[in-house]
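Chemist: This is the structure, below, for whatever I ask next.
Every number in this text was worked out from the coordinates using simple rules, so none of it is lab data. Quantities reported herein were computed from a predicted structural model and do not represent experimental measurements. For neighbour counting, all protein chains shown are included, and Cβ atoms are generated from backbone atoms with ideal geometry for every residue, glycine included.
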Amino acid sequence: MFTVPWYPYQKTLIRAQTDDKGNVESIEDPIYHGNPVDSDGALVITDWGDDLCDTIYAAAGMTTTIIEIHDMSMGIESIEVFISRKPDHDLQSLTVGWRQRENREAHSSRTPHP
């Protein structure tokens, strides 16, 4: 479960990356978010866009649900909360199980029951 600045109506934009020596190099003009532990702010590395959930799935095999919260009584005008989950079952193992049942049913239909 996490929150992140998200721009669902644009493509993801990589703003900075690290080079082979671990130094940060800007690809776009630097932008900084507020940071409570550093008055200089936090360098924005990625502006996440419409493919964020697909990126999580490709990188971690997790599906992501987005919940949008509006609750002015708590001072929340609008925020998206991302909840990523691992699948309950391995898809291949589900397919193997289905095939085993199918084979058993096919075999049992050919074999008379006493």
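Chemist: I need the semi-axes of the equivalent ellipsoid of segment 1-51: take the C-alpha gyration tensor, multiply each eigenvalue by 5, square-root it, list largest first in whole angstrom. Walk me through the intermediate numbers first.
Modeler: Working: eigenvalues 75, 55, 20 Å².
One finds semi-axes of 19, 17, 10 Å for segment 1-51.
Chemist: Please compute, over every Cα-Cα pair in segment 13-87, the percentage with a separation greater than 14 angstrom.
Modeler: More than 14 Å apart: 74 percent of the Cα pairs in segment 13-87.
Chemist: Fewest Cβ neighbours within 10 Å first, please rank R15, R85 accordingly.
Modeler: R85, R15
Chemist: If you don't mind, there's one more thing I want to ask. What are the ³J(HN,Hα) couplings of segment 58-67, residue after residue, when phi is run through the Karplus curve with 6.51, -1.76, 1.60 and θ = phi - 60°? Round to Hz, x for glycine and proline.
Modeler: 5, 7, 10, x, 10, 8, 10, 10, 10, 10
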